[in-house]
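Asks: Structure provided below as C-alpha cells; questions to follow.
Readers should treat all values here as calculations from the given coordinates under stated rules, not as data from a laboratory. Model, not experiment: these values are computed from the prediction. Counting neighbours? That spans all protein chains shown, and the Cβs are built from the backbone with ideal geometry, glycine included.
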Amino acid sequence: MSTGAIIAVIVVLIVVAAVAAFATGALRRYRLRRRFGAEYDRVVGETGSQRQAEAELAERERRVRSLDIRSLDAPALDRYIREWNTIQEQFVDAPAKSVVGAQSLITAVMKDRGYPTESTDQIMSDLSVDYASTLQEFRTAQELSGRAASGSATTEDLRQAMVHYRSLFRELLGEPAGIGARSAASEATASESATAPPDTAPADTAPAGSEPQDVSPNGADAPSPVSAARLPQER
C-alpha cells in the first residue's frame, strides 16, 4: 500500500472516530437533558461548563443506583396518607406548623424508601435523578419554609409551600417514574367500580356534585388518597 493510501486510511479512521465521539456525546447530552429537564440547565449555569455539569449529573445517577431505594408497602402508604391528611387539615388553624409537619413527613418518607436524609444538598441531588420534574417545586417549598421559620412568611406563602410539598409527596409514595399516590383501599374501590354492571349504579353512588367518599371493600372508612388540597386562599 502506498504512503498516500495509508494516509487516506488514517484520515478516514480519524474522521470516523470523531463522528462517533460526537454522536456519543450528543446522545448522552440528549439523555441527560430529557431526564433532568430544568435541573440540567440549572447545573450548567451553576458550574459554567456543560461538560462539567454532565459529569456531575452522571455521577448523581451512579450514586442513586448504588442506594437501596425501595417502594413502600401498602400499610406504609396508607399510614403516610393518613398523616398527610391530618397535617393538611391542621393548616387552617396552624399554617406554619402544618408546613413544618409536611416537610418532616417528606423527610420520613424519603428515609423509609432508602434515601439518605442527613444533608439538604445531598437530598436535592438524589431527588433530581428520579424526581426532576417536581424538584423545583420542592426547592421553592424549602425556601418558603425558611421564611416561615423566620416569621416573614404570609399565609399565601405557606399555602404555596404546602402545594409544592404535596407534589413531591405524591411522587415519593409511588415508583420513581412518578405514580400518583393512592391508598390500597382506593385501588380496591376503583377495581370494584370497573367491574360493576354498566346498567347498575354502585350502591354508594353520591348525588352529582357531591364530594367522593373513599370506602374500603368491607365498608369501613378508608384513608383518603392524597388529592388536590383545598387549602384556604389568602383574602
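Asks: Count the net charge of all other residues whose Cβ sits under 12 Å from the Cβ of Ser66, scoring Lys and Arg as +1 and Asp and Glu as -1.
Replies: 0
Asks: Let me ask something else. Can you give me the convex hull volume of the Cα atoms of region 18-155, divided per residue and expressed in Å³? Write down the numbers at each step before the final one.
Replies: Values: hull volume 17.5 nm³, N = 138.
Considering the Cα atoms of region 18-155, their hull volume per residue is 127 Å³.
Asks: To continue, here is another question. Net charge near Ile123: determine it from the other residues with C-beta under 13 Å of the C-beta of Ile123, scoring Lys and Arg +1 and Asp and Glu -1.
Replies: On the way: positive: Arg60, Arg63, Lys111, Arg113, Arg139; negative: Glu118, Asp121, Asp126, Asp130.
Its environment carries a net charge of +1.
Asks: What are the semi-axes of the equivalent ellipsoid of region 74-172, taken as the square roots of 5 times the eigenvalues of the Cα gyration tensor, listed largest first and rounded to whole Å?
Replies: They are 21, 17, 11 Å, listed from largest to smallest.
Asks: Stretch Arg82-Glu61 to full length: gain in nm at 0.36 nm per residue minus the Cα-Cα span?
Replies: Stretched out fully, the Arg82 to Glu61 stretch lengthens by 4.4 nm.
Asks: Quickly rank 134-141, 43-50 as a protection proxy: mean count of other C-beta atoms within 10 Å, highest first.
Replies: Going by the mean number of other Cβ atoms within 10 Å, highest first, we get 134-141, 43-50.
Asks: Order these peptides, 92-101, 78-87, by their mean beta-carbon neighbour count within 10 angstrom, highest first.
Replies: 78-87, 92-101
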